[in-house]
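Input: a single structure, listed below in structure tokens.
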Amino acid sequence: MTVSTLQAGFIELASIVRALHGDWSAPAAGYDGWTCKDLLAHLSSSQASLPRVLESAGQPPPADGRPFDADRWNASQIRRRTDTDSQELLNEFDMGTNKLIEALTDIDLEKKVSVGAFPGATVAEAMAEMLDHQRHHLEDLRRSLHAHPG
């Protein structure tokens, strides 16, 4: 995977996210207890965190040595965004994308990241995994919003 392929993939996601609309309070199908807004909060917080993952490339792992706990992280990100409206979450996704595209510009894709869901993976591997992750959730969100138009 090349830098330009990764950038194009994340830009494409952002354009799809910008076009989302519907009932944000509707249940997100397949996400026990989550609303569409919760799933959007997961997407936007994940996108916003990716530049930090890139910054970790070539750095030693964090001193606390605790492995990434996806369930705990997801719960905290959604809890922090409880009072954030969907437009702000859409804006957060956009801002995260812009920072990510910029951070990808001059990065060595072979350096290994030390934080996030894929510590020890190369930048190329971690970003490809996150792109797939985001696409999967975005498709689920689109389906849920279309099932409950707003």
Q) Using +1 on the beta carbon of Lys and Arg, -1 on that of Asp and Glu, and nothing else charged, what's the dipole of the chain about the Cα centre, debye to 20? A) 140
(Q) Can you find, among ALA75, ILE107, GLY9, the residue sitting farthest towards the positive end of the charge dipole of the chain, where Lys and Arg contribute +1 and Asp and Glu -1 at Cβ? (A) ALA75
Q. Of (i) 27, 17, 12; (ii) 21, 20, 13; (iii) 53, 21, 17, which is the value of semi-axes √(5λ) of the Cα gyration tensor in Å derived from the coordinates here?
A. (i)
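Going highest first, how would you order 75-85, 22-32 by mean Cβ packing within 10 Å? Present the calculation step by step, with values, prior to reporting the outcome.
Details: 75-85: 13.1, 22-32: 15.7.
Peptide ranking by packing, descending: 22-32, 75-85.
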Q: Search the structure for amide H atoms under 5 Å from the amide H of LYS111, placed 1.01 Å from N in the peptide plane, and list their residues when 5 or more places away or on another chain.
A: VAL123
Q: For LYS99, list the lysines whose Cα falls under 22 Å from its own Cα; do not include residues on the same chain fewer than 8 positions away.
A: LYS111, LYS112
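With charges only on Cβ, +1 for K and R and -1 for D and E, what is the dipole size of region 108-150 about its Cα centre, in debye, rounded to 20? If you can, show how the numbers build up before the last one.
Details: 5 positive and 7 negative charges, 35 e Å.
Roughly 160 debye for region 108-150.
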Q | Phi to ³J(HN,Hα) by Karplus 6.51 cos²θ - 1.76 cosθ + 1.60 over region 76-84, Hz, x for Gly, Pro | A | 5, 5, 5, 4, 5, 10, 3, 8, 8
Q: Could you list which residues have their amide H under 5 Å from that of THR35, counting only those 5 or more apart in sequence or on another chain, with H placed in the peptide plane?
A: ALA28
Q | Alpha carbon centroid spacing (whole Å) that separates region 78-133 from region 2-62 | A | 7
Q: Please turn the phi angles of region 33-45 into ³J(HN,Hα) values with the Karplus equation 6.51 cos²θ - 1.76 cosθ + 1.60 (θ = phi - 60°), one per residue in order, whole Hz, x for glycine and proline.
A: x, 8, 8, 4, 5, 4, 5, 5, 4, 5, 4, 5, 5
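Show me 107-117, 60-70 ranked by packing, highest mean number of other Cβ atoms within 10 Å first. Numbers along the way, then the final one.
Numbers: 107-117: 17.1, 60-70: 9.2.
Highest to lowest by the protection proxy: 107-117, 60-70.
Only the coordinates and a few stated rules stand behind these numbers; no lab work does. The structure presented is a predicted model; accordingly, all values stated were derived computationally and were not measured. Glycine gets a Cβ as well: all are built from the backbone with ideal geometry, and neighbour counts include every protein chain shown.
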